[in-house]
Amino acid sequence: MRLKYILAMACCAFTTMQAQTIDEVLSMIERNNKALQAQAQATQAAKLEVQAQNNLEDPSVEYSPFYTRGITGMSSSELVVTQGFDFPTLYAARRQSGKWQQETLDRQQSATRQGILLTAKNLCLDLIMLNQQQQLLDERRKNADELLALFEKRLEEGDAGILEVNKIKMERMSVQTEVARNNAAYRTALQQLLAMNGNLPLEFSEDTYPEIPELNDYNALYDEVMSTDAELLAADANAQATEKALKVNRQSWLPKIEVGYRRNTSLDEKSNGFLIGGSLPIFSNRKKGRIARAQALSAQLQLDDTRLQAEARVQSQFNEMRQLREAMKAYDVVLMHKTLRLLYEAVTAGQLSIIDFYVEADNVYKNLQAYMEIENQYQKLMAEIYKNRL
């Protein structure tokens, strides 16, 4: 019920809202998407945790009263205040490591943002295709309605047969089924888009794809992708962070230092002093070096794998893009629409039987449908290629 209410409110809002472009829809989703908001808060919390790793230890305060037989009350006491800290060079090393850890978190958040916006853009592209298909279905339904009225009149006059009228009725049923499927697909895509917008209303009624410059230079594309790919940048930052963490670990053998103040009191005497000490990480540091080296090697291998995958993806996407572009050029959309118009004029003029009309028209409609699907596939591929620009 809640979803129906939201959709109803959204539909009411559509009548007063101005239709948005893809870029405007993506801007709204970037502001309102709950997953992005949650990720931003999680990233902020993780960055604060990284900063807290380089804090000083908490100071320690100890107070010890002593009692002696034969003396009423406390005979003496001891107060010890100490502050422990790591070797000074460790703080500088951890600060550098922390910067790269935070950079990794920022780039991971950027990759998450990019993925969500790409999903939203693909939904917009699907809505454009569904709007185009709806226009084609409206044209088919309009032609069927007009032909049915014409041939029912001819049937009454004895100029047409019942089979021709039934063929038109079957065409109408087929169109109605396709319209229902199109509407269901449209509602599903729109619901997903609204959910990504935090269930806040938006209107998207575009029926033409955004203009995309023709891509021919593979080297330029390769350079752009390899320098801006969000996943690759995140893997690189992670490798840098683990390398800095390894440098921190190499200094972990340095002693921890402890300084403090000590005050001893007795019945007739008080004394003050300082406390200086330290600890050697002989046991606590065992195997940490091996762990840090393994983590650094793992991050570097992950970076290499991410780079190889990015390179392979650029090559395959560029090849697929060229094939889809050539496939689109094979379709003469203007000619197909002109052919449909000529077929309609021929059947209404009695120059073509209704059976022959639908045989020919169905082939044209199938080609138009195939072109729309290929164009949608091409647009989605280009969105994937240029996702780093989102």
Over segment 161-185, the set of residues of a type in the set (Lys, Arg) and not in a helix (DSSP H, G or I) is none
Within segment 137-186, of all residues that are under 52 Å from the mean Cα position of the chain (by Cα) and of a type in the set (Lys, Arg), the one farthest from residue 123 (Cα to Cα) is 167
Across (1) within 30 Å of residue 260 (Cα to Cα); (2) open to solvent by 30 Å² or more (accessible area, probe 1.4 Å); (3) of a type in the set (Ser, Thr, Tyr), residue 112 clears everything bar (1)
Residue pairs qualifying under the 8 Å Cβ cut-off, at least six apart or on distinct chains, with the first in segment 171-192 being free of Cβ contacts under 8 Å to residues at least 60 places away in the same chain and closer than 15 Å to residue 143 by Cα and the second being assigned to a helix (DSSP H, G or I) and open to solvent by 50 Å² or more (accessible area, probe 1.4 Å), are 172/141; 172/145; 175/141; 176/141; 179/141
Note on segment 334-361: residues open to solvent by 40 Å² or more (accessible area, probe 1.4 Å) and either in contact with a helix residue (DSSP H, G or I) (Cβ under 9 Å, 6 or more places away or on another chain) or closer than 15 Å to residue 133 by Cβ (or both) are 337, 339, 344, 348, 350, 351, 352, 353, 355, 356, 360
Sole miss for residue 231 among (1) in a loop (DSSP other than H, G, I, E, B); (2) under 30 Å from residue 377 (Cβ atoms) is condition (1)
> Got at least one residue in segment 91-100 being modelled with pLDDT of 90 or more, under 30 Å from residue 257 (Cβ atoms), open to solvent by 60 Å² or more (accessible area, probe 1.4 Å) and outside any loop (DSSP other than H, G, I, E, B)?
Replying inline: yes
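So which of 95, 31 ends up being closer than 25 Å to residue 238 by Cα and either in contact (Cβ under 8 Å) with a residue 40 or more places away in the chain or of a type outside the set (Val, Ile, Thr) (or both)? Don't jump to the end; show me each part of the working.
Values: 31 fails: closer than 25 Å to residue 238 by Cα.
Exactly one residue qualifies, and that residue is 95.
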Subset of segment 362-382, residues open to solvent by less than 30 Å² (accessible area, probe 1.4 Å) and polar (S, T, N, Q), comes to 376, 379
If you go through 246, 280, the only one that is farther than 30 Å from residue 69 by Cβ and buried (at least 16 other Cβ atoms within 10 Å of the Cβ) is 246
Among residues of segment 251-270 being open to solvent by 60 Å² or more (accessible area, probe 1.4 Å) and part of a loop (DSSP other than H, G, I, E, B), the residue modelled with the highest pLDDT is 269
| Before we move on, is residue 339 closer than 23 Å to residue 235 by Cα, of a type in the set (Ser, Thr, Tyr) and either touching a residue at least 24 places away in the same chain (Cβ under 8 Å) or in a helix (DSSP H, G or I) (or both)? | no
Within segment 302-333, of all residues that are among the hydrophobic types (A, V, I, L, M, F, W, C) and more than 19 Å from residue 218 (Cα to Cα), the one surrounded by the most Cβ atoms within 10 Å (Cβ to Cβ) is 303
Conditions (1) in contact (Cβ under 8 Å) with a residue 12 or more places away in the chain; (2) open to solvent by 50 Å² or more (accessible area, probe 1.4 Å) -> residue 120 fails only (2)
* With respect to residue 285, determine if the residue is on the phi < 0 side of the Ramachandran plot, touching a residue at least 24 places away in the same chain (Cβ under 8 Å) and in a loop (DSSP other than H, G, I, E, B). => yes
Scanning segment 147-162 for residues that are in contact with a helix residue (DSSP H, G or I) (Cβ under 8 Å, 6 or more places away or on another chain) and open to solvent by 70 Å² or more (accessible area, probe 1.4 Å), the one farthest from residue 350 (Cα to Cα) turns out to be 162
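Listed here are the residues, each with its yes/no results for (1) open to solvent by 60 Å² or more (accessible area, probe 1.4 Å); (2) under 17 Å from residue 301 (Cα atoms); (3) of a type in the set (S, T, N, Q); (4) in a loop (DSSP other than H, G, I, E, B).
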position	(1), (2), (3), (4)
191	yes, no, yes, no
208	yes, no, yes, yes
211	yes, no, no, yes
222	yes, no, no, no
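The values are calculated or read from the model by the stated rules, or taken from the named source; none is laboratory data. Only a predicted model underlies this, so the values are computations on that prediction, with no experimental measurement involved. Every residue, glycine as well, gets a Cβ built from its backbone with ideal geometry; the counts of neighbours run over all protein chains shown. These area figures cover heavy atoms from the full protein model, side chains too; ligands, DNA and RNA do not enter into them. Shrake-Rupley method; radii C 1.70, N 1.55, O 1.52, S 1.80 Å.
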